[in-house]
Amino acid sequence: MSGEVDVEGDIWSLFKLQGLLSSADRPNGWGGAWRVGDGCWRPPAPQAVGVTLSQRQVEYARDAVAAAGLGDRVEILLQDYRDVADGPFDAISSIGMFEHVGAPRLGEYFGRLHALLRPGGRLLNHGICRPRGSRGLGRTSFAGRYVFPDGELHEVGIVAQAMQGRGFEVRDTQSLREHYAFTLRHWVRSLEENWDEAVRIAGAGRARVWRLYMAGSAENFARARTTVHQVLAVRLREDGGSGMPLTRAALLG
């Protein structure tokens, strides 16, 4: 789709590592990072682990992994990220999960991910953010009541500060705001083109909620009322080394 970024491919470009823990609603939860038939990347790592709290996501992702022939390399678990104990990992991606952590637990969140990484390991934290001065999701707002109850958005500067406060060194940030506007408009078109099927599966009320939410969110991203950032950080080695490329071009190349 014109103007969109391949999030899963971008993740693998940033990592290029041996073992990956993905703690997220997406790509881990629905298996997006591990699938190959829909344009996503086949993981170059010999082993990868995905965790989610949704049984339906576990079932869907395991089927997707099996269909891609990656059953010997990718494990999907029904597990809280705080209970993961089989590290250390070379890299961790957290995609679309961060919005559910909440400000009081940011330190706990980043501290746990830091502990799961080996020295030199990388964290990619990808989440919807609020612009400076914005209140983010209000509890009585449409999104707060019907789509993301108890969801909380943070300004990207607060995110970077919280990461570094738990021992990470932030190395790169990227805004994908415009890409999200393109993506959401595509999703709205797709939903409307398959409206009868969506109503059959989810019901008319839920279908209307998501159509309105996605249409409104597309405008919010396009007008910079909401944004989304992915922040790449590294757990430094004892000697202060990061193992990171010296240029951004080399990092993304």
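For the reader, a short list of remarks on this structure follows.
- Just one of the listed residues (167, 151) is under 21 Å from residue 94 (Cα atoms), under 16 Å from the mean Cα position of the chain (by Cα), small (Gly, Ala, Ser) and surrounded by 14 or more Cβ atoms within 10 Å (Cβ to Cβ), namely 151.
- Some residue of the range 158-168 being farther than 18 Å from residue 120 by Cα, in contact with a Lys or Arg (Cβ under 9 Å, 6 or more places away or on another chain) and assigned to a helix (DSSP H, G or I): no
- Across the range 77-126, the number of residues qualifying as part of a strand (DSSP E or B), among the aliphatic types (A, V, I, L, M) and under 28 Å from residue 244 (Cα atoms) comes to 6.
- Residue in the range 89-97 that is touching a helix residue (DSSP H, G or I) at 6+ places or on another chain (Cβ under 9 Å), within 30 Å of residue 143 (Cα to Cα) and charged (D, E, K, R) present: no
- For the range 105-123, the tally of residues that are under 21 Å from residue 252 (Cα atoms) and either buried (at least 23 other Cβ atoms within 10 Å of the Cβ) or modelled with pLDDT under 90 (or both) stands at 3.
- Residue match in the range 194-203 (condition: of a type in the set (Gly, Ala, Ser) and either part of a helix (DSSP H, G or I) or under 18 Å from the mean Cα position of the chain (by Cα) (or both)): yes
- Taking first residues from the range 78-91 that are surrounded by fewer than 16 Cβ atoms within 10 Å (Cβ to Cβ) and partners that are of a type in the set (Gly, Ala, Ser) and at pLDDT 90 or above, the Cβ contacts under 9 Å between residues at least 6 apart in sequence or on separate chains come to 88/115; 88/121.
- Leading residue by the ranking (surrounded by the most Cβ atoms within 10 Å (Cβ to Cβ)) among those in the range 204-253 that are of a type in the set (Lys, Arg) and part of a helix (DSSP H, G or I): 211
- The range 213-227 residues that are farther than 18 Å from residue 155 by Cβ and of a type outside the set (Val, Ile, Thr), paired with ones that are surrounded by fewer than 16 Cβ atoms within 10 Å (Cβ to Cβ) and modelled with pLDDT under 95 (beta carbon under 9 Å, 6 or more apart): 213/142; 213/146; 216/142; 219/225
- One residue from 96, 102, 136 being over 15 Å from residue 169 (Cα atoms), at pLDDT 85 or above and not polar (S, T, N, Q): 102
- Test: residue 151 is over 21 Å from residue 210 (Cβ atoms) and either part of a loop (DSSP other than H, G, I, E, B) or at pLDDT 95 or above (or both): no
The values are calculated or read from the model by the stated rules, or taken from the named source; none is laboratory data. All values derive from a computational prediction rather than experimental measurement. Here Cβ is always computed from backbone atoms with ideal geometry, including for glycine, and neighbour counts include all displayed protein chains.
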